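To start, the structure under review is shown below, and the notes come after it.
The values are calculated or read from the model by the stated rules, or taken from the named source; none is laboratory data. All values reported here derive from a predicted model rather than from experimental measurement. Cβ placement follows ideal geometry from the backbone for every residue including glycine, while neighbour counts extend to all protein chains displayed.
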There are 2 protein chains.
Amino acid sequence: MQMNRLTQQIQFIIEIDKLKQIWRQTLLTDSSRQENSAEHSWHIAIMAIILAEYAPPETDILRAIKMLLIHDLVEIHAGDTFCYDLQGNLSKAEKETEAAKKLFGLLPVDQESELRSLWEEFELQQTPTAHFAAALDRIQPVLHNQQTQGGTWRIHNISRDQVMRRVAPIEAGTPKLWPFIQQLIDDCVAAGYLQTLTK
Amino acid sequence: MQMNRLTQQIQFIIEIDKLKQIWRQTLLTDSSRQENSAEHSWHIAIMAIILAEYAPPETDILRAIKMLLIHDLVEIHAGDTFCYDLQGNLSKAEKETEAAKKLFGLLPVDQESELRSLWEEFELQQTPTAHFAAALDRIQPVLHNQQTQGGTWRIHNISRDQVMRRVAPIEAGTPKLWPFIQQLIDDCVAAGYLQTLTK
């Protein structure tokens, strides 16, 4: 029985290796290639450690780190949906719910329930921890786009208005960092990395 | 002053993106390419969550996760040293100490000290948390080599004796998983994925 439990856990650990093959639109800071969802998740989990002091007081940092590490796992079955792809985002929730069932279902039931609850809390965005985690998930691509002279924004002709809508949750998730993000986006517009015209 | 602190933190966050370009010998489970150190760190941090129940009682899981997320950062300056490269491992400690100074030195002093202490605890291997973290760091490549029919072991003609020396710390770090690892290695030998002759 115990061995069966371990077998399920190991099977899950092997399965999630596939997240290293899910490519996001974001470029690495040297523009050499796109980033995958596993290394992205690693990056924002470290951001939660480094930027913890800017989290709202009720934030549970361990829970935020766990959430960030697992929040993209559903992409193994559902794929990554580009945040500015309106059509793709219509069917995203349904595909990801199916994916969560399939993926977390590999685990023993108590752990399936733990990871599902972490993922659902992130998706529902109703706790300070989920808000903080989501803010980091949105800050990181802005840093990458700034480092790559517009990166994904330029490739896909994304406008300042679209970016502002996308980053809006940062204000609630980590209010202390909001002025910095606003300034960063203004700097990107001034440098010509981001266009002001709305598509 | 506060803005200066944030600037240092953001500079560190941008700098560590480079870990996504540090390639390890380990292959992904589908053998399609080598794994980088950022996605490897992500994988073993999730392993700490899933396999937490097998950690010795004194293990601090949050600290183990932090340790696993940052333990390879020094490779940004020092590169990844293949664990079976005896020559390369002679100068590894010195190079990594220099790298830690340079990299963690980007952070505000309190955080430089926090990350340095996490990294040193991992390197020194004198606490249950460090033992548990190191065990996971050694279990993951065994799983990958088993999934890739010998993977790195075959490419570099690694023998069972070499692997047994490499995985020995797993016994102390997570004694409950040691029988599983021994069995896994025996299975790999039986399947012809790992040779028994000593080089």
task: Could you list, in sequence order, all residues of region B:29-53 that are more than 8 Å from chain A (Cβ to nearest Cβ) and farther than 17 Å from A:I22 by Cα?
output: B:I44, B:A48, B:A52, B:E53
message: I need every pair where a residue in region B:71-94 that is of a type in the set (S, T, Y) has its Cβ under 9 Å from the Cβ of a residue that is loosely packed, with under 13 Cβ neighbours inside 10 Å, sequence separation at least 6 or different chains.
response: B:T81/B:N89; B:T81/B:S91
task: Quick one: count up the residues across region A:125-149 that are in contact with a Leu (Cβ under 9 Å, 6 or more places away or on another chain) and surrounded by fewer than 18 Cβ atoms within 10 Å (Cβ to Cβ).
output: 1
statement: Selection from region A:31-43 of residues in contact (Cβ under 8 Å) with a residue 24 or more places away in the chain and either of a type in the set (D, E) or surrounded by fewer than 19 Cβ atoms within 10 Å (Cβ to Cβ) (or both) yields A:S31, A:E35
- request: Look through region A:165-199, keep the residues that are basic (K, R) and more than 19 Å from B:I10 (Cα to Cα), and return whichever of them is surrounded by the fewest Cβ atoms within 10 Å (Cβ to Cβ).
  value: A:K199
- prompt: Can B:I158 be described as among the hydrophobic types (A, V, I, L, M, F, W, C) and either within 13 Å of chain A (Cβ to nearest Cβ) or within 21 Å of A:I65 (Cα to Cα) (or both)?
  reply: no
statement: Of the residues in region B:85-114 that are outside any helix (DSSP H, G or I) and at pLDDT below 90, the one that is nearest to the chain's Cα centre (by Cα) is B:D85
- prompt: Considering B:I13, B:I46, which residue is free of Cβ contacts under 8 Å to residues at least 12 places away in the same chain, assigned to a helix (DSSP H, G or I) and under 30 Å from B:I158 (Cα atoms)?
  reply: B:I46
message: Anything in region A:36-60 that is within 16 Å of the chain's Cα centre (by Cα) and under 21 Å from A:G173 (Cβ atoms)? List them, or say none.
response: A:S37, A:H40, A:S41, A:W42, A:H43, A:I44, A:A45, A:I46, A:M47, A:A48, A:I49, A:L51
Enumeration of residues in region A:94-117 that are out of contact with any helix residue (DSSP H, G or I) (no Cβ under 8 Å at 6 or more places or on another chain) and acidic (D, E): A:E94, A:D110, A:E114
